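Following: one structure in C-alpha cells, then a few remarks.
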Amino acid sequence: DVSQGAAKIEFANETFGIREEGDLKVLDIVQIHSLVTSAYNGLYGKLEEYYEEKQRWGVKLQGNANLEDSVICVKPAHLKFVREELQGKHEIERISLKLEQHSDQKNWTAILEMESEALQAARSLMQSTCENQQASRHLIYHKMAWAHQHLGLKDGGDDLKQHHKEHLGKAIEWYQQQLLVINKIGFQSERGLSGNPSNMAHNFASAQANIGNMHHYLGNHENAIDFFEPALTVFREAGDKILEQYACGTLYDSLMAAGHHSKAQEFAKLNTHILKKEKERRDIICSTHAALCK
C-alpha cells in the first residue's frame, strides 16, 4: 500500500529529525553526513542559500572552533534536518561556545555584539527544568555581565564617565539574572552547578560580590554593603581566603564612604587578620617544601 509506505517514511523522518530534501529551507539547522571529505561529517550548520546551478546548499558551519562561520556547499542528500526542538538546543550551545571563546580571548566588544541573541537564547531556556540547560543559561548571564563589568571599569578608575556607568548598570542587570538562575538550579535542588552544595553557595556569593563591586564603583555604597556582607559569610565558610580578603577590603571602603566608620574598622582588623593568617600558612608551606627538598 503506497499510502502506508508514505506514512512510515514520514514517521521515520519525524523520529530521526530528517526532512525530505526538498523541504529544506533557508535558516534551517542541518547536520552534514556521508561526505567523501569525512572531516565535515557530523558537523552542524545553518542553511544560507540554495545554489540552483550547483544543486547545492550553502551551509554556514557552527559549533566547531576551527571552522565556525565557514560556508561550504553541500548536496541536499548529505544534509539531515535537525528538528525544531533540537535547533534551540544547538543554538544555545553555539552561543555559549562563542561567548566562551570571546571571553578566553578577552574580546569584550565581540561579546557585546552578541547581546541580543544571548538574551533571546537565555529567555528561551527560562521554562526549562533541565539542569544542564539552566547551567547554559547561567553561563550566558555570567559572560555578558563580565564583559560589561570589564568595559565599565576599563580606563575608568575613580573618575567614571557616563559610558562606564552604563556598562556597570548593565553588568548589574545580568548578574541579577545570574542570581535568579543559580537560585533555580541550586537552591531549589539543594545542589550547585556541579552537584556540590558549597559550589552552589559559592557561585551565588560570587555573583553577589560582583553586584556589590559594581554598586561600589557607582557610588551606591549602601547597596554594595548589602551584597558584600552575605557574600563574605559564604567565602569565609568555604575557606576561600582570596575572596574573603577581597570582600573585606571592599566592604571597608564602602562602609567608610557611607559614613559607618566604626563598623569599617572592624573589617579593617579582620582584613589584617586574614592577611596575617594567609602569610603564616604560606610560610609553613614554603618551609615544608624546603625541608623535603634537602
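Kindly establish whether Phe204 is surrounded by 19 or more Cβ atoms within 10 Å (Cβ to Cβ), modelled with pLDDT under 90 and of a type in the set (A, V, I, L, M, F, W, C).
Details: surrounded by 19 or more Cβ atoms within 10 Å (Cβ to Cβ): yes; modelled with pLDDT under 90: yes; of a type in the set (A, V, I, L, M, F, W, C): yes.
So Phe204 fits the description; yes.
Candidates are the residues of the range 132-168 that are in a helix (DSSP H, G or I) and surrounded by fewer than 15 Cβ atoms within 10 Å (Cβ to Cβ); the one that is modelled with the lowest pLDDT is Asn132.
If you check Lys263, Lys294, Lys241, which single one turns out to be modelled with pLDDT of 85 or more, open to solvent by 60 Å² or more (accessible area, probe 1.4 Å) and charged (D, E, K, R)? Please lay out each step first, then the result.
Numbers: Lys294 fails: modelled with pLDDT of 85 or more; Lys241 fails: modelled with pLDDT of 85 or more.
None of the others qualify; the one that does is Lys263.
Out of all the residues in the range 74-90, which are modelled with pLDDT of 85 or more, open to solvent by less than 50 Å² (accessible area, probe 1.4 Å) and more than 12 Å from Lys25 (Cβ to Cβ)? Quick ask: steps written out before the conclusion?
In the first step, residues of the range 74-90 are kept if they are modelled with pLDDT of 85 or more; the result is 74-80.
Cutting the leftovers down to open to solvent by less than 50 Å² (accessible area, probe 1.4 Å) gives us 74, 76, 78-79.
Selection gives Val74, His78.
Go through the range 233-245 residue by residue and tally those that are closer than 18 Å to Ile211 by Cα and over 23 Å from the mean Cα position of the chain (by Cα). Can you show your working first?
So in the range 233-245, the residues closer than 18 Å to Ile211 by Cα come out as 233-235, 242-245.
Retained after the next criterion (residues that are over 23 Å from the mean Cα position of the chain (by Cα)): 233, 244-245.
Of the residues in the range 233-245, 3 are closer than 18 Å to Ile211 by Cα and over 23 Å from the mean Cα position of the chain (by Cα).
Taken over the range 31-57, residues that are closer than 14 Å to Lys80 by Cα and outside any strand (DSSP E or B) amount to 7.
When the range 241-263 is filtered for residues that are within 24 Å of His148 (Cβ to Cβ) and touching a helix residue (DSSP H, G or I) at 6+ places or on another chain (Cβ under 7 Å), the ones remaining, listed by number, are Leu243, Ala247, Gly249, Thr250, Leu251, Asp253, Ser254, Ala257.
The values are calculated or read from the model by the stated rules, or taken from the named source; none is laboratory data. Here the structure is a predicted model, which is why all the values come from computation and not from measurement. We place every Cβ from the backbone using ideal geometry, glycine too, and count neighbours over all the protein chains shown. What goes into the accessible areas is simple: the full protein's heavy atoms, side chains included, and nothing from ligands, DNA or RNA. Shrake-Rupley method; radii C 1.70, N 1.55, O 1.52, S 1.80 Å.
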